[in-house]
Amino acid sequence: MTAQPATQVLKIEPDVIMPGAVGRAARTLAAGGLVAFPTETVYGLGADATDGAAVARLYEAKDRPSFNPLIAHVADAGAARALARFDSAAQRLAAAFWPGPLTLVLPKRADCPVAELATAGLDTIAVRVPSHPVARAILVAFGRPVVAPSANRSGHVSPTTAQHVLADLRGRIELILDGGPTPMGLESTIIACLDRPVLLRPGALPRADIERLVKLAQGPVAPPAHVDELPIAPGALASHYAPRAPLRLNARHVEAHEALLAFGPTAVEGAARAVLNLSPRSDLIEAAANLFSHLRALDASGAAAIAVMPVPRAGLGEAINDRLERAAAPRA
Ligand code: TXA
Ligand code: MG
């Protein structure tokens with residue numbers, strides 16, 4: 001692989017099997033290359049999880065300051081069992097929600113083939129079985145685990161379209177499979193099943209769905225903003241999902257120098273430089289799907305700041321507010 005790859009974009013219909021494009025992705029991964037592909041949550045940047053050099057290139061392409069551990073994506077629960085040990089809660093969650101937007105952090109098996117660098121030397125591993133047909137087809141064709149963080153530069157918001165990926169990673173990765181906008185638009189929910197099930201990151205699978213099956217213990221206290229030394233879910237670092245413009249949350253009015261991220265049918269006082277509405281009909285699923293693309297677009301409007309209207313915390317609102325609060329947190 002060359003140091004400065006030309007990034008190819010291949011369009012792919014999510015619902016039509018395209019062996020050409022999928023085979024190309026699998027061969028690129030096998031050669032140690034980096035491939036961005038859609039999942040049901042956000043676009044992932046994939047590398048062969050068993051190839052330490054490929055994983056190192058992945059960190060470099062993302063500009064990840066430290067080696068945050070990565071999620072190993074596999075085709076099915078059987079493949080996940082070759083990487084990690086499942087307790088009964090983990091088994092129940094996997095049976096109920098895989099394939100789908102749930103990541104489990106589990107004890108790593110001694111014979112786990114995933115490169116040490118991908119798990120940042122931890123004795124645990126994050127595993128996920130995505131449901132998106134393109135992601136599934138790649139995993140089946142490749143036949144090995146694929147580590148895939150969100151396909152953005154470190155510190156930027158997660159990409160929900162191939163254009164977002166290109167904007168962040170052009171010239172740094174070999175291939176992007178463009179399957180259109182990702183359906184959910186928020187990253188997976190992360191649950192650790194180490195001793196008791198703990199919510200590490202709210203995400204596209206709402207807490208209430210999980211709590212119908214297992215009781216969640218009180219999570220770890222969110223690490224302070226300046227800590228970036230392997231907290232239990234390092235993605236929980238405070239200012240992780242930041243656009244360039246500062247965010248002002250719970251805005252009831254907007255100022256002339258600001259862009260407005262609206263929610264619901266009610267107008268706020270004042271005139272904004274640019275306005276995008278997460279969901280005029282107050283639908284949290286629609287809001288989740290629009291969150292990152294609207295943040296990117298308002299950031300690109302050149303506004304000095306982004307005012308954000310309040311979003312309710314029910315259901316997916318927990319994860320949406322989590323991402324907004326991180327984006328608004330003081331920068332390191
Ligand atoms: O929806 C998603 O999960 C997307 C798509 C592409 O699958 N991926 C994603 O990956 O969001 P990433 O790397 O952006 O976020 C993964 C999070 C990070 O916060 C990381 O610190 C945490 O998972 N993580 C990974 N392994 C872990 C482990 N062993 N223990 C605790 N946290 C872990
Ligand atoms: Mg990420």
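Values quoted throughout were computed directly from the atomic coordinates according to the rules given, and no laboratory measurement underlies them. Computed from a predicted structure; not experimentally measured. Neighbour counts are summed over all protein chains in view; Cβ atoms, including those assigned to glycine, are modelled from backbone coordinates with ideal geometry.
Values computed for the structure shown
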| quantity | calculated |
| --- | --- |
| Taking only Cα atoms of the stretch 238-332, radius of gyration then Dmax in Å | 12.0, 36 |
| Net charge contributed by nearby residues that have their C-beta within less than 12 Å of ARG207 (K/R +1, D/E -1) | 0 |
| Relative exposure of THR50, THR160, THR103, judged by other C-beta atoms within 10 Å (fewest first) | THR50, THR103, THR160 |
| Relative exposure of PHE97, PHE142, judged by other C-beta atoms within 10 Å (fewest first) | PHE97, PHE142 |
| Lys, Arg +1 and Asp, Glu -1 on Cβ, resulting dipole of the chain about Cα centre, debye, nearest 20 | 80 debye |
| Per residue convex hull volume, Cα atoms of the stretch 1-146, in Å³ | 105 Å³ |
| Karplus-derived HN-Hα couplings along the stretch 195-208 (A = 6.51, B = -1.76, C = 1.60, θ = phi - 60°), whole Hz, x at Gly and Pro | 10, 10, x, 10, 7, 9, 8, x, x, 5, 9, x, 3, 4 |
| DSSP beta bridge pairing in the chain, given as percent antiparallel to the nearest 5 | 45 percent |
| Length released on extending from GLN4 to ARG64, taking residue separation times 0.36 nm less the Cα-Cα span | 19.8 nm |
| Highest-fluctuation residue, LYS108, LYS215, LYS62 considered, GNM on the chain with Cα pairs under 10 Å | LYS215 |
| Within-10-Å neighbourhood charge of GLY32 [Cβ basis; K, R +1; D, E -1] | -2 |
| GNM flexibility winner over the chain from PRO14, PRO197, PRO101 (Cα, springs under 10 Å) | PRO14 |
| Residue exposure sequence - GLU286, GLU269 - by fewest surrounding Cβ within 10 Å | GLU269, GLU286 |
| Gyration tensor over alpha-carbon atoms, the chain, equivalent ellipsoid semi-axes in Å | 31, 23, 18 |
| Orientation-averaged projected area, Cα convex hull of the stretch 120-198 (nm²) | 6.8 nm² |
| Gaussian network model of the chain, springs between alpha carbon atoms under 10 Å - residue of GLY171, GLY317, GLY32 with greatest fluctuation | GLY171 |
| Point-to-point label distance, ALA95-ALA110, nm (Cα→Cβ direction, 7 Å offset) | 2.8 nm |
| Over the stretch 13-87 - Rg/Rh using Cα atoms and the Kirkwood inverse-distance radius | 0.98 |
